[in-house]
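Take a look at the structure below.
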Amino acid sequence: MYYVAATSPKCIYSTPGTRTLQAVRQRTHHTAKSAMVTFTARRSEPEMLPPARATPRETKSLSDLDDQRTLRYYETVIGFFRSNALPGRPDDPVKAIRAALMEALVYYYPIAGRLREDGAGRLVVDCTADGMVFVEAYVDARLEEFGEPLLPPYPCVEELLCHVGDTRAVVGKPLLFMQVKRN
């Protein structure tokens, strides 16, 4: 099992290194047991993932709905996925997701750009092909160790996310930060 954590407008880069953490998760469903999880988390240096091929260089305006000041922040999503490795085929979700994202950025090229304000203070997407932030994380624990069912709040959630700094500062920063974990 592995996870993908993505943060985009609506974790400044994390400092790579190793930290050992202990997490206690209170089970709220059917039992009062708690699970103690000890793990070491290491992150790679953040890398910019550009589109796989050249993309148009243009500026796109946001709709009135998307340009509301109350929506100018980064929203985080965490997804957990079971590995489906086949015999004889290596299971490397990080490599597969990295390649798929670079290909997807060709077709969804505005995501590889940056938000900026026009002269009237409205947000526009400057399609620069600068790319998105990608972080590879290594954790010496399996998600099953965090308890079943795996529901929020997640223990040590800060370790599941790459850091973007001030989540209300979206102008000039990558539109998507993603951290993928493997053991």
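Might you let me know whether region 101-115 holds any residue that is part of a loop (DSSP other than H, G, I, E, B) and farther than 18 Å from Ala41 by Cβ? There is at least one residue in region 101-115 that is part of a loop (DSSP other than H, G, I, E, B) and farther than 18 Å from Ala41 by Cβ. Within region 82-91, does at least one residue satisfy the condition of being modelled with pLDDT under 90 and among the hydrophobic types (A, V, I, L, M, F, W, C)? Looking for residues that are modelled with pLDDT under 90 and among the hydrophobic types (A, V, I, L, M, F, W, C), one finds at least one in region 82-91, hence yes.
Based on this model, can you work out whether Val124 counts as at pLDDT 80 or above and assigned to a strand (DSSP E or B)? Considered against the rule, which asks whether it is at pLDDT 80 or above and assigned to a strand (DSSP E or B), Val124 comes out as yes. For region 155-183, a tally of residues being surrounded by fewer than 19 Cβ atoms within 10 Å (Cβ to Cβ) and over 21 Å from Pro46 (Cβ atoms) returns 0.
Of the candidates Pro56, Pro51, the single residue that is out of contact with any strand residue (DSSP E or B) (no Cβ under 9 Å at 6 or more places or on another chain), part of a loop (DSSP other than H, G, I, E, B) and either surrounded by fewer than 16 Cβ atoms within 10 Å (Cβ to Cβ) or among the β-branched types (Val, Ile, Thr) (or both) is Pro56. Asp118 falls short on exactly one of the conditions (1) under 20 Å from the mean Cα position of the chain (by Cα); (2) at pLDDT 90 or above, and that condition is (1). Does Glu148 count as over 26 Å from Gln68 (Cβ atoms) and part of a loop (DSSP other than H, G, I, E, B)? Considered against the rule, which asks whether it is over 26 Å from Gln68 (Cβ atoms) and part of a loop (DSSP other than H, G, I, E, B), Glu148 comes out as yes. Scanning region 59-76 for residues that are within 24 Å of Phe134 (Cβ to Cβ) and either exposed (fewer than 12 other Cβ atoms within 10 Å of the Cβ) or modelled with pLDDT of 90 or more (or both) gives Lys60, Glu75. Could you please let me know if Ala112 is small (Gly, Ala, Ser), crowded, with 17+ Cβ neighbours inside 10 Å and touching a Leu at 6+ places or on another chain (Cβ under 7 Å)? So Ala112 passes the test. Exactly one residue among Gly147, Gly131 is over 19 Å from the mean Cα position of the chain (by Cα) and among the small types (Gly, Ala, Ser), and that residue is Gly147.
The set of residues in region 38-48 being surrounded by 13 or more Cβ atoms within 10 Å (Cβ to Cβ) and in a loop (DSSP other than H, G, I, E, B) consists of Ser44, Pro46. Checked against (1) surrounded by fewer than 19 Cβ atoms within 10 Å (Cβ to Cβ); (2) modelled with pLDDT under 75, Leu143 meets all criteria but (1).
The values are calculated or read from the model by the stated rules, or taken from the named source; none is laboratory data. Since this is a predicted model, take the numbers as computed values, not measurements. For neighbour counting, all protein chains shown are included, and Cβ atoms are generated from backbone atoms with ideal geometry for every residue, glycine included.
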